[in-house]
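Asks: One structure, as structure tokens, below. Some questions next.
The values are calculated or read from the model by the stated rules, or taken from the named source; none is laboratory data. Keep in mind that this is a model prediction, so the values were computed, not measured. For neighbour counting, all protein chains shown are included, and Cβ atoms are generated from backbone atoms with ideal geometry for every residue, glycine included.
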Amino acid sequence: MAALTAADGVKLAYIEAGRGVPIVFVHEFAGDMRCWEPQLRFFARRYRSIAFNARGYPPSDVPPDPAAYSQDRATDDIAAVLRGLGIARAHIVGLSMGGFATLHFGLRYPHMAVSLVAAGVGYGASPTGGAAKARENFHAEVDATIAAIRAEGMAKRALAYSRGPTRLQFEAKDPRGFAEFQAALAEHSTEGSALTMQGVQRARPNLYDLAENFRALRVPTLIVCGDEDEPTLEPSLFLKRTIPTAGLVMFPRTGHAMNLEEPALFNRAVLDFLTLVASGRWTARDPATQTGAILSAAPAERAPAEQA
């Protein structure tokens, strides 16, 4: 295991394997770089595969200043990993919290992204009409979680957090894999987890408020969700409809930690996507498919599909 330094001096631990076009894996709140092991083993056969621990997740630094944790910091840390490893452009694959950072990376650093895979994205996001109430509920749940983490410590809180409603599918399918995930979560820093929840999860912008930014995004993008990860279903459809270069994959009977719960499905979907991107076949959506009609034929003449 090695480390590199972010722009503000925070040390970020990382692991890598394989050779070829780089892929950077960005973990969820309840995970760390160990959660990407099924992907590192698979993609290292074809790609230079890199996973890192976010700030607040030892052996990465756990800065004590709450201002060191934000969506912008999380996004900038992906860029720091690329720069620290001398990588000009890479595929970025993120889950949940890491998926949010991946999308923001595409918005802020499109010149550094070959493609984006955002999986399990949407917690706390809601359409403008009901955004205020949904946001209030999300903040209340986050605040309660932060208080529980600090009161109990992660070694204890992990037992409850790991058994949330969108993770029970993982436990039912793969008890051994779930036990490994739960044990790793129990090792997380209590303070780092609380500060991450406060500064990154709670304060990040509503995805729906970024609609205009997403409409301008031209980086090839794959949105992935599990059909039993209820908080991500509508946001995933929103992202697919809003990002011109986005496609959507939904795994049946699958919850939040889909890369661990269904590693074969996840790896295959991502590999197929990367192959289409490499061949130039992942293009922007044909406007003729978005007329709103159900049975009417598309216009006889249309512009060629825009290259992503």
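Asks: Would you check which residues across the stretch 198-210 are among the hydrophobic types (A, V, I, L, M, F, W, C), surrounded by fewer than 21 Cβ atoms within 10 Å (Cβ to Cβ) and part of a helix (DSSP H, G or I) and list them?
Replies: LEU210
Asks: Kindly establish whether ARG55 is at negative phi, part of a helix (DSSP H, G or I) and of a type in the set (D, E, K, R).
Replies: When the stated conditions are applied, ARG55 does not pass them.
Asks: Could you list, in sequence order, all residues of the stretch 140-167 that are part of a helix (DSSP H, G or I) and within 20 Å of the chain's Cα centre (by Cα)?
Replies: From the stretch 140-167, those part of a helix (DSSP H, G or I) are 140-152, 154-161; that's our starting set.
Passing the criteria: VAL142, TYR161.
Asks: Only residues that are closer than 22 Å to MET197 by Cβ and surrounded by fewer than 24 Cβ atoms within 10 Å (Cβ to Cβ): list them for the stretch 105-130, please.
Replies: TYR123, GLY124, SER126
Asks: Failed condition for MET258, given (1) in contact with a strand residue (DSSP E or B) (Cβ under 6 Å, 6 or more places away or on another chain); (2) within 28 Å of ALA147 (Cα to Cα); (3) without any contact (Cβ under 8 Å) to a residue 24 or more places away in the chain, with all others met?
Replies: Only one criterion is unmet by MET258, namely (3).
Asks: Separate question: Quick one: count up the residues across the stretch 9-29 that are of a type in the set (Lys, Arg) and either in a strand (DSSP E or B) or buried (at least 20 other Cβ atoms within 10 Å of the Cβ) (or both). Steps first, answer last, please.
Replies: Filtering the stretch 9-29 for residues of a type in the set (Lys, Arg) gives 11, 19.
Applying the additional criterion that residues be either in a strand (DSSP E or B) or buried (at least 20 other Cβ atoms within 10 Å of the Cβ) (or both) yields 11.
Qualifying residue count for the region: 1.
Asks: Based on what the data block shows, is GLU136 buried (at least 17 other Cβ atoms within 10 Å of the Cβ), of a type in the set (D, E, K, R) and assigned to a helix (DSSP H, G or I)?
Replies: no
Asks: Considering ARG83, ARG34, ARG46, ARG41, which residue is farther than 25 Å from LEU207 by Cα and part of a loop (DSSP other than H, G, I, E, B)?
Replies: So the residue among ARG83, ARG34, ARG46, ARG41 that is farther than 25 Å from LEU207 by Cα and part of a loop (DSSP other than H, G, I, E, B) is ARG46.
Asks: How many of the residues in the stretch 60-72 are surrounded by fewer than 15 Cβ atoms within 10 Å (Cβ to Cβ), in a loop (DSSP other than H, G, I, E, B) and of a type outside the set (D, E, K, R)?
Replies: Adding up the residues that qualify gives 1.
Asks: Here is a further query. Inside the stretch 91-111, can you point out the residues that are farther than 18 Å from ARG202 by Cβ and in contact with a Lys or Arg (Cβ under 8 Å, 6 or more places away or on another chain)?
Replies: PRO110, HIS111
Asks: Which one is surrounded by the fewest Cβ atoms within 10 Å (Cβ to Cβ) among residues in the stretch 233-251 that are touching a helix residue (DSSP H, G or I) at 6+ places or on another chain (Cβ under 9 Å) and in contact (Cβ under 8 Å) with a residue 40 or more places away in the chain? Quick ask: steps written out before the conclusion?
Replies: Narrowing the stretch 233-251 to residues touching a helix residue (DSSP H, G or I) at 6+ places or on another chain (Cβ under 9 Å): 235, 238-239, 241-244, 246-251.
Subset that is in contact (Cβ under 8 Å) with a residue 40 or more places away in the chain: 235, 238-239, 244.
Values: PRO235: 23, PHE238: 20, LEU239: 27, PRO244: 18.
Looking at the filtered set, the residue picked out is PRO244.
Asks: If the Cβ limit is 8 Å and pairs must be 6+ apart or interchain, which residue in the stretch 200-216 that is under 24 Å from ILE146 (Cβ atoms) pairs with which residue that is buried (at least 20 other Cβ atoms within 10 Å of the Cβ) and of a type in the set (Val, Ile, Thr)?
Replies: Taking only residues 6 or more apart or on different chains, the pairs are LEU207/VAL121.
Asks: Here's a follow-up. Out of (1) surrounded by fewer than 17 Cβ atoms within 10 Å (Cβ to Cβ); (2) in a loop (DSSP other than H, G, I, E, B), the odd one out for THR254 is which?
Replies: (1)
Asks: Does the stretch 286-304 include one or more residues that are at pLDDT 95 or above, surrounded by fewer than 15 Cβ atoms within 10 Å (Cβ to Cβ) and either touching a Pro at 6+ places or on another chain (Cβ under 8 Å) or of a type in the set (D, E, K, R) (or both)?
Replies: Pass one, the stretch 286-304, residues at pLDDT 95 or above: none.
No: zero hits.
Asks: Select from the stretch 158-197 the residues that are of a type in the set (Lys, Arg) and either in contact (Cβ under 8 Å) with a residue 24 or more places away in the chain or in contact with a strand residue (DSSP E or B) (Cβ under 7 Å, 6 or more places away or on another chain) (or both) and write down the one among them that is surrounded by the most Cβ atoms within 10 Å (Cβ to Cβ). Even if it seems obvious, please write down each step before you answer.
Replies: Let us first name the residues in the stretch 158-197 that are of a type in the set (Lys, Arg), namely 163, 167, 173, 176.
Checking which are either in contact (Cβ under 8 Å) with a residue 24 or more places away in the chain or in contact with a strand residue (DSSP E or B) (Cβ under 7 Å, 6 or more places away or on another chain) (or both) leaves us with 167, 173.
Working: ARG167: 22, LYS173: 15.
This residue is ARG167.
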